[in-house]
Amino acid sequence: MNFLDLLRALFALAFTLGIIGLAAWAARRYAPQLLARLSADRGPRRMQIVETLVLDPARRLVLVRIDNEERLLVLGEGRELIEPRGSDQ
């Protein structure tokens, strides 16, 4: 490998790193506005996470509000449990 090949490889590396850096800068600069504009067109949300509680490293409780009705979910270990509806609902 002569000096010209080494110089060409270093230039290609610097150019590639520069393109990656430019893409990272553009994503940080413009992505939040693009994502906000895309999510604004969806309309009102029907589902909302009210609260979460970690029980242990494998399980957590999640309180979810769907159409003004709250449901309790137990998530973990590949299984999901949904609290049964009471007789008053």
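The values are calculated or read from the model by the stated rules, or taken from the named source; none is laboratory data. Quantities reported herein were computed from a predicted structural model and do not represent experimental measurements. FYI the Cβ positions are ideal-geometry reconstructions off the backbone, even for glycines, and counts take in every protein chain you see. Remember, those area values only see protein heavy atoms, side chains included, never the ligands or the DNA or RNA. Shrake-Rupley method; radii C 1.70, N 1.55, O 1.52, S 1.80 Å.
Quick one: what pairs do we get from segment 74-89, first residue modelled with pLDDT of 70 or more, second assigned to a loop (DSSP other than H, G, I, E, B), C-beta under 6 Å, 6+ apart or different chains?
Gly76/Ala58; Glu77/Ala58
Got at least one residue in segment 35-43 being modelled with pLDDT of 85 or more and open to solvent by less than 100 Å² (accessible area, probe 1.4 Å)?
no
When you look at Leu6, is it under 30 Å from Gly78 (Cβ atoms) and either among the hydrophobic types (A, V, I, L, M, F, W, C) or assigned to a helix (DSSP H, G or I) (or both), yes or no? Walk me through how you get there before you give the answer.
Working: under 30 Å from Gly78 (Cβ atoms): no; either among the hydrophobic types (A, V, I, L, M, F, W, C) or assigned to a helix (DSSP H, G or I) (or both): yes.
Spelling it out, it is not the case that Leu6 is under 30 Å from Gly78 (Cβ atoms) and either among the hydrophobic types (A, V, I, L, M, F, W, C) or assigned to a helix (DSSP H, G or I) (or both).
Pairs under 8 Å by beta carbon, first residue closer than 16 Å to Ile82 by Cβ in segment 46-63, partner assigned to a loop (DSSP other than H, G, I, E, B), six or more apart or different chains?
Short answer, once both residue conditions are applied: Arg59/Glu77.
Within segment 9-32, does at least one residue satisfy the condition of being among the β-branched types (Val, Ile, Thr) and at pLDDT below 85?
Within segment 9-32, none of the residues are among the β-branched types (Val, Ile, Thr) and at pLDDT below 85.
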